[in-house]
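What follows is a single structure, written as structure tokens, with notes after it.
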Amino acid sequence: MKNLQELLAPIIAQSGPINRLVYAGCGRLDSVDTLAGLARKIKIFEADKNLKEFNVDAIAEFPHIQYVSKPLWMADKTVTYYRYNFPRFNGLRKVIDAKGRYPNLKLVDEVVLQTQDIGGLEEHSEFDGFVLVLDVNGAEVDLLAQLTNKTLKSLTHIILVLPESGLYGPDEATEVFNSWAGENSWLVTQTIECADGSSFVRLTPDIEQRQTITVDHAVSNLELRQRQMVETFSAERAGLEKTINELRQVHETQIAALEKTHKDTLNSLTQKVAGLEAENERLIQAYKSVEMSVKESEKTHKDTLNSLTQKAAKLEAENQRLVQEREAMQLAMRDLEQRQRLMNEELVRGEAQLTLIKDLLLRDSAF
């Protein structure tokens with residue numbers, strides 16, 4: 001912690017108290033109390049809650065400290081966290097120690113953890129201008145490479161706690177770090193070597209190089225934009241010419257197809273008109289024939305009606321005559337019946353007279 005305070009002292013002397021501090025990994029901190037005095041707002045990313053030197057529960061006493069129980073890593077993913085019998089070696093990198101400097105160092109536990117992507121750091125914090133401290137045991141270069149331009153522009157200083165050379169990997173990491181610093185316009189402004197072989201390094205932005213790079217980038221971007229515009233225009237022109245040719249061919253093909261369709265349609269319509277005219281003539285003839293038949297039927301109907309009317313009149317007269325004859329016959333029959341009745345009565349009287357005469361004759365004979 002003393003080394004960290006020594007690195008932050010020039011910053012405080014130049015710009016006043018640090019407003020914001022993001023601390024990834026707390027294995028080297030003495031206590032929360034000491035950390036609380038480093039800045040007005042602090043955000044901690046620490047996965048190991050069991051550090052004896054760092055009491056996580058004590059953070060509740062400091063409202064300006066925000067604690068995230070996830071380690072910063074190169075992506076949001078599940079990783080293995082290595083714990084050793086010496087806590088300062090704990091982390092997401094496994095100790096290699098190719099030189100055999102720590103024969104008593106033992107891996108005591110492996111824990112699966114969920115990490116938080118350092119590339120989206122500005123999306124998970126309120127810090128728009130802050131000091132970043134990376135105490136991540138061998139993962140410094142990889143995490144630096146994942147910082148977005150937005151995050152890099154908002155950083156005022158970067159402090160790295162670098163492990164001793166070769167402890168977590170090959171020495172090429174130093175060359176990669178120097179390359180990253182040069183490409184991203186950061187300068188090593190202070191280094192503190194520790195007795196255990198580790199070191200504290202403070203980085204600050206290289207303003208002049210950034211301005212030069214900004215101008216060069218602007219010119220390069222302008223030239224690139226001009227080339228892209230020319231290439232785009234050429235490509236668009238070629239595309240338009242191709243499109244025009246294709247449209248011309250399509251137009252010619254469509255015109256030829258339309259002319260053929262028009263010709264075929266005209267021939268078809270001409271044939272249909274001729275057929276309709278012939279059909280119309282046939283229908284006219286049929287209509288005349290039907291009209292003539294209707295007239296003949298009307299004449300026949302009229303003649304038949306006259307004939308039937310005459311026959312009906314004759315039949316009516318004949319019926320009247322027959323009625324009269326029937327009435328005359330009925331009268332004659334009644335007269336005959338009367339005469340028959342009278343004759344019957346005369347016969348009865350005649351028979352009675354004959355019987356009387358007979359009786360008289362018979363009596364006369366007797367006398």
Quiz item: With the other protein chains left in place, how much accessible area per residue, in square angstrom, belongs to the chain at a 1.4 angstrom probe?
Solution: 67 Å²
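List the residue ranges in the chain for DSSP H helices whose C-alpha atoms run 27 angstrom or more along the long axis and whose Kyte-Doolittle average is -1.0 or above.
207-366
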Practice problem: Could you check the simple spin-label distance between residue 286 and residue 247, using points 7 Å along Cα→Cβ, in nm with one decimal? | Solution: 5.4 nm
Exercise. With just the Cα atoms of the stretch 130-182, tell me how far they stretch along each of the three principal axes, in Å, largest first.
Key: 32, 19, 14
Quiz prompt | Approximate shape of the chain as ellipsoid semi-axes (Cα gyration tensor, √5λ), whole Å, largest first | solution = 141, 45, 19
Quiz item: Between the stretch 181-196 and the stretch 316-330, what is the C-alpha centre distance in whole Å?
Solution: 155 Å
Quiz item: Given R₀ = 35 Å, FRET efficiency for residue 340-residue 317 by Cβ-Cβ distance, to 0.05?
Solution: 0.55
Quiz item: In a shell of Cβ-Cβ distance under 12 Å around residue 12, excluding residue 12 itself, what net charge do Lys and Arg (+1) and Asp and Glu (-1) give?
Solution: 0
Practice problem: Using only the Cα atoms of the stretch 221-367, each taken as one equal point scatterer with no solvent, compute I(q) by the Debye sum, divide by I(0), and report log10 of the ratio at q = 0.13, 0.17, 0.18, 0.20 Å⁻¹. | Solution: -0.98, -1.11, -1.14, -1.19
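On the protein heavy atoms, probe 1.4 angstrom, tell me the percent of accessible surface of the stretch 217-367 carried by carbon and sulfur.
Looking at the stretch 217-367 in its full context, I get 61 percent from C and S.
The values are calculated or read from the model by the stated rules, or taken from the named source; none is laboratory data. Since we're looking at a predicted model, the values are computed, not measured. Positions of Cβ are backbone-derived with ideal geometry, glycine not excepted, and every protein chain shown enters the neighbour counts. Accessible surface areas use protein heavy atoms only, side chains included; no ligands, DNA or RNA. Shrake-Rupley method; radii C 1.70, N 1.55, O 1.52, S 1.80 Å.
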